[in-house]
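Here is the structure we will look at, set down as structure tokens.
The values are calculated or read from the model by the stated rules, or taken from the named source; none is laboratory data. Only a predicted model underlies this, so the values are computations on that prediction, with no experimental measurement involved. Because the Cβ atoms are built from the backbone with ideal geometry, glycine has one as well, and the counts that use them run over all protein chains shown.
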Amino acid sequence: MSALAPNYKRKNLSFVRGKGSFLITADGKKYLDFVQGIAVNSFGHANQILVNAINKQSKKLWHVSNAFKIPEGERLA
């Protein structure tokens, strides 16, 4: 029994990594990722530019509620 909420019927398939627009299973089989979450992977998996940006930001701040001013967010908007 899974501790995860049963939002939908899960497929008997799991992935160990992603690269670009592909998901990869433990045995190396590649699947084109047509679902990519809810608008969170539109640039693909393991995009090096995003990996570098996330790594840089993770050394500063993870998350701040939008109840506070967020200078970078305001600048980027």
Problem set entry | Cβ pairs under 8 Å, 6+ apart, first in the range 53-65 and free of Cβ contacts under 8 Å to residues at least 40 places away in the same chain, second of a type in the set (Ser, Thr, Tyr) and surrounded by 10 or more Cβ atoms within 10 Å (Cβ to Cβ) | none
Exercise. Across the range 2-49, what is the number of residues that are in a strand (DSSP E or B) and either surrounded by fewer than 10 Cβ atoms within 10 Å (Cβ to Cβ) or among the charged types (D, E, K, R) (or both)?
Worked result: 4
Exercise. Before we move on, is ALA46 modelled with pLDDT under 80 and not hydroxyl-bearing (Ser, Thr, Tyr)?
Worked result: no
Seminar exercise, completed: Those residues of the range 50-75 which are surrounded by 10 or more Cβ atoms within 10 Å (Cβ to Cβ) and not in a loop (DSSP other than H, G, I, E, B) amount to LEU50, VAL51, ASN52, ALA53, ILE54, GLN57, GLU72, GLY73
